[in-house]
Amino acid sequence: MAARLPSWAWVTGLTAGATAAVVALAVQADHGPRPVAAVAKPSPSASASAHGSAAPHSPAPPALPDASGEGRRIVYSLGEKRVWLVDATGKATRTFTVWPGTVSPQPGRYSITLRGEPGKGSDGVEIEHVMYFTKVQGVNIAFSNALDGSSPPPADGKKLGGIRTHKADGAALWSFGDQGTRVSVVK
């Protein structure tokens, strides 16, 4: 006949087994995937970040250049290859990088003179959200984005005045800039 274990031995054994199970689960949880809480993100037009694709730990976008004018305007920096959309209070509501053409405008003050329909750019790429603001050496200078969201191909020695944006940035620029909207070009 088998000997009976005292009740305290059963309790001790069950407690040890439960503790081992909890430790094993804790180790698995520490090395496994971690749940992430859903976080509401502001819309790109409400955000002062470069775009919604920016990483949470990315550095803050460059500040609005000094001497870029006052009031509601589009600011285009030749050196930084960047655009800022500035509200009536002088606050940048959105900023993003661009791909400039081979012909650049001189620093100065301009305004949107024409908003064009989707079509083919002088580089042969299908574009939309075309916003003309000056002409240099017979070349129209305009903001636009490729319909397929691609970056422009190499220029191959052509004189191109298109300042290309990412697709979402082109849509935001189009919504922001009506005919007559001021454009400030800085170095």
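The values are calculated or read from the model by the stated rules, or taken from the named source; none is laboratory data. These numbers come from a predicted model, not from an experiment. For neighbour counting, all protein chains shown are included, and Cβ atoms are generated from backbone atoms with ideal geometry for every residue, glycine included. Heads up: the accessible areas ignore ligands, DNA and RNA and are worked out on the full protein's heavy atoms, side chains in. Shrake-Rupley method; radii C 1.70, N 1.55, O 1.52, S 1.80 Å.
For this structure, a couple of remarks:
- Within-12-Å neighbourhood charge of Ala146 [Cβ basis; K, R +1; D, E -1]: -2
- Across Leu64, Leu160, the residue with the most accessible area heads the list, and the full order at a 1.4 Å probe is Leu64, Leu160.
- Using C-alpha pairs under 8 Å with a sequence gap of at least 6, the mean separation divided by the residue count of region 70-187 gives a relative contact order of 32 percent.
- Per the Cα gyration tensor, region 96-187 maps to an equivalent ellipsoid with semi-axes of 18, 16, 12 Å, ordered largest to smallest.
- Gap separating the Cα centres of region 111-181 and region 57-77, nearest whole Å: 20
- On the beta carbon distance between Ser111 and Ala155, with R0 = 25 Å, the FRET formula returns roughly 0.40.
- Virtual paramagnetic centre 7 Å along Cα→Cβ of Glu128, amide N under 20 Å, in region 88-108: 96-99
- A 1.4 Å probe over all protein chains sorts Trp174, Trp84 by accessible area into Trp174, Trp84, starting with the largest.
- Overall dimensions of region 86-135 as given by Cα atoms, namely Rg and Dmax in Å: 13.3, 39
- Placed amide H near Gly121: partners under 5 Å, 5+ positions off or other chain: Glu126, Ile127
- Of Lys81/Lys167; Lys91/Lys135; Lys167/Lys187; Lys120/Lys187, pairs whose Cα-Cα distance is over 26 Å: Lys91/Lys135; Lys120/Lys187
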